[in-house]
Amino acid sequence: MFKAQNVFFALIILLMSQPVFAATTTANLPINATVAAACIFGNITSVNFGNYTGVQNDATGSLEVNCTNGTTYSISLGPGTFGGATTTTRQMTGTPSGSLAYALYRDAGRTLNWGNTIPTDTVAGTGTGGIQPYTVYGRIVAGLTPVAGSYNDTVLITITY
């Protein structure tokens, strides 16, 4: 029993004693991350002029952009798919024939053409990391005499960042 008691006390002393360290060494652990600039489109709604009756016809569409926080960007709109169209002379193609001229603008007053020459006629912004909405303002001028039918076009939207 004497031996068991000595072993018991020896175990208690070992468990209660703290090790003593003689020296320390330190080093730094590098931590790194890269956040790449990126932009994506959110919702895009068409510019739908509805029925054109020969009087001025205004309509709007919209697009959403989501760019990395602090990323500067420009949004440009191409000329469309009609042969010979430019960003200042856009045309919808008619079915069964013909064309219908229209324009796209950056402002509600419809005075600033929206084209694809950075920074002349594009829209500039800085990303916030969240959705940023933009309105596309469209106009068909009064007095055009298109052939009866359905008209459409597709305009390429580009974000340059």
The lone exception for LEU112 - which of (1) of a type in the set (A, V, I, L, M, F, W, C); (2) over 17 Å from ILE40 (Cβ atoms); (3) out of contact with any Leu (no Cβ under 7 Å at 6 or more places or on another chain); (4) in contact (Cβ under 8 Å) with a residue 12 or more places away in the chain it fails = (4)
Selected residue (only one of TYR161, TYR151 is of a type in the set (Ser, Thr, Tyr) and closer than 24 Å to GLY94 by Cβ) | TYR151
Right, THR95: modelled with pLDDT under 95, among the hydroxyl-bearing types (Ser, Thr, Tyr) and out of contact with any Asp or Glu (no Cβ under 7 Å at 6 or more places or on another chain) or not?
-> yes
Which of the residues spanning the stretch 140-161 are within 20 Å of ALA101 (Cβ to Cβ), part of a strand (DSSP E or B) and open to solvent by 50 Å² or more (accessible area, probe 1.4 Å)?
-> SER150, ASN152
For the stretch 118-132, enumerate the residues that are part of a strand (DSSP E or B) and either open to solvent by less than 40 Å² (accessible area, probe 1.4 Å) or within 17 Å of SER46 (Cα to Cα) (or both).
-> VAL123, GLY125, GLN132
If we take the stretch 15-117, then strands (runs of 3 or more DSSP E) inside it with 3 or more residues that are of a type in the set (Phe, Trp, Tyr), touching a strand residue (DSSP E or B) at 6+ places or on another chain (Cβ under 9 Å) and surrounded by 15 or more Cβ atoms within 10 Å (Cβ to Cβ) are none
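The values are calculated or read from the model by the stated rules, or taken from the named source; none is laboratory data. Nothing here was measured: the structure is a model prediction, and the numbers come from that model. Cβ sites come from the backbone with ideal geometry, for glycine too, and all protein chains shown count toward neighbours. To get the accessible areas, we keep the full protein, side chains included, count just its heavy atoms, and leave off ligands, DNA and RNA. Shrake-Rupley method; radii C 1.70, N 1.55, O 1.52, S 1.80 Å.
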